[in-house]
Amino acid sequence: LVASIAILVIIIMAYLAMRSMRARDRARSRLVEQLSFTEKLLEISPLPIYLVDSQGVIIVVNQALESFFGLKREQLLNQPTSKFLSDQHSQQMNNQFLLSHGGQVSYERRLVMPDGAERDVLLNKVVVSNDDGLPRGVLAVILDVTRFRDAERATLQARDAAENASRTKSEFISNMSH
C-alpha cells in the first residue's frame, strides 16, 4: 500500500512537473514570437530609427536608417553617433540629459550626410529603460523635413522678390509722377 501511494505521488509530481514545463515552454514561445514581431515592426518602419547606449554608441538600427545614410548596418553599428551626425556636442548633451532626467525631446537640425549633402531633420528622442527602470539608452527617430524646409525657403524668397519688385515699382511710379 505504501509503495502504491509512493508511486501515485511520483506520478502526480511528474504530471505537475510536465504541465509546468509545458506552460513554461508556451510562455517562452509567446515571448520569442513577441520579440520577433517587435523586431519586425522596427525593421518595417518607414522612419529611420536608432538606439544608442549611454556612451552614444549606436547599438540598434533599422533598414530605413541604412537607406537614410546610404550605409550598411555593419557600418553603423558599434559606432559613435558623432561619425554620422553633425553637431555631436549637442547630440551627446541631449542624450546625457535624457538619460539622467528621463522623458523625451524633439528638435530640428540640419545634418551633413556622409556624401556631403545637407538634410533638415526633426529628431525625436526618448529614454529606453530596462526592466529595473534604469536607463539603457536613447531611442531616436528621424523625420526628414528637407523638402518642407526647401519649399518654405523658396516661398520666402519668392515673397521677398515680390515685395522688392513692388517696392521698386512704387518708387518708379513715385519718381515718374514728380
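Only Cα pairs under 8 Å and at least 6 apart count here; give the relative contact order of the chain as a rounded whole percent.
It comes to 15 percent, rounded to a whole number.
Considering the alpha-carbon set of the chain alone, what are its Rg and its Dmax in angstrom?
Here Rg and the maximum Cα pair distance are 29.2, 129 Å.
How large a share of the accessible area of the chain, in percent, is made up of carbon and sulfur atoms when the probe is 1.4 Å and the other protein chains stay in place?
59
Compute the signed sum of charges (Lys and Arg +1, Asp and Glu -1) over the other residues within less than 15 Å, Cβ to Cβ, of residue 70.
After counting each charged neighbour, the total is -1.
I'd like to check one number: the per residue accessible area of the chain, probe 1.4 Å, reported in Å² as a whole number.
Solvent-accessible surface per residue comes out at 71 Å².
Suppose R0 equals 22 Å. What FRET efficiency, 1/(1 + (r/R0)^6) with r the Cβ-Cβ distance, do residue 83 and residue 144 give to the nearest 0.05?
0.70
How far apart, in nanometres, would the label points at residue 129 and residue 35 be if each is projected 7 angstrom from Cα along the Cα-to-Cβ direction?
Inter-label distance under the simple model: 2.2 nm.
Expected output is a single nm value to one decimal: the length gained when fully extending between residue 2 and residue 106, i.e. 0.36 nm times separation in residues minus the C-alpha distance. What is it?
Extending this stretch completely gives an extra 30.2 nm.
Treating only the Cβ of Lys, Arg, Asp and Glu as charged (+1, +1, -1, -1), what charge dipole size does the chain show about its Cα centre? Round to the nearest 20 debye.
620
Which one, 71, 114, 4, is farthest towards the positive end of the dipole of the chain when Lys and Arg carry +1 and Asp and Glu -1 on their Cβ?
Working it through, the farthest residue towards the positive pole turns out to be 4.
Determine, for the chain, the count of lysine pairs separated by eight or more sequence positions (or lying on different chains) whose alpha-carbon distance falls under 21 Å.
Close lysine pairs found across the chain: 4.
Near the amide H of residue 145, under 5 Å away, which other amide H atoms are found, from residues 5 or more places off or on another chain, if H is placed in the peptide plane?
Correct list: 120, 121, 122.
I'd like the distance separating the alpha-carbon centroids of region 1-27 and region 121-178, in whole Å.
Between the Cα centres of region 1-27 and region 121-178 lies a distance of 69 Å.
To the nearest 20 debye, what charge dipole does region 76-164 have about its Cα centre, counting +1 at the Cβ of each Lys and Arg and -1 at the Cβ of each Asp and Glu?
100
So what J values fall out for region 106-112 if you push phi through Karplus, 6.51 cos²θ - 1.76 cosθ + 1.60 with θ = phi - 60°, rounded to Hz, Gly and Pro as x?
So the J values, rounded to whole Hz, are 10, 7, 9, 9, 9, 9, 9.
The values are calculated or read from the model by the stated rules, or taken from the named source; none is laboratory data. These numbers come from a predicted model, not from an experiment. Virtual Cβ from ideal backbone geometry, glycine too; neighbours counted across all protein chains shown. Accessible surface areas use protein heavy atoms only, side chains included; no ligands, DNA or RNA. Shrake-Rupley method; radii C 1.70, N 1.55, O 1.52, S 1.80 Å.
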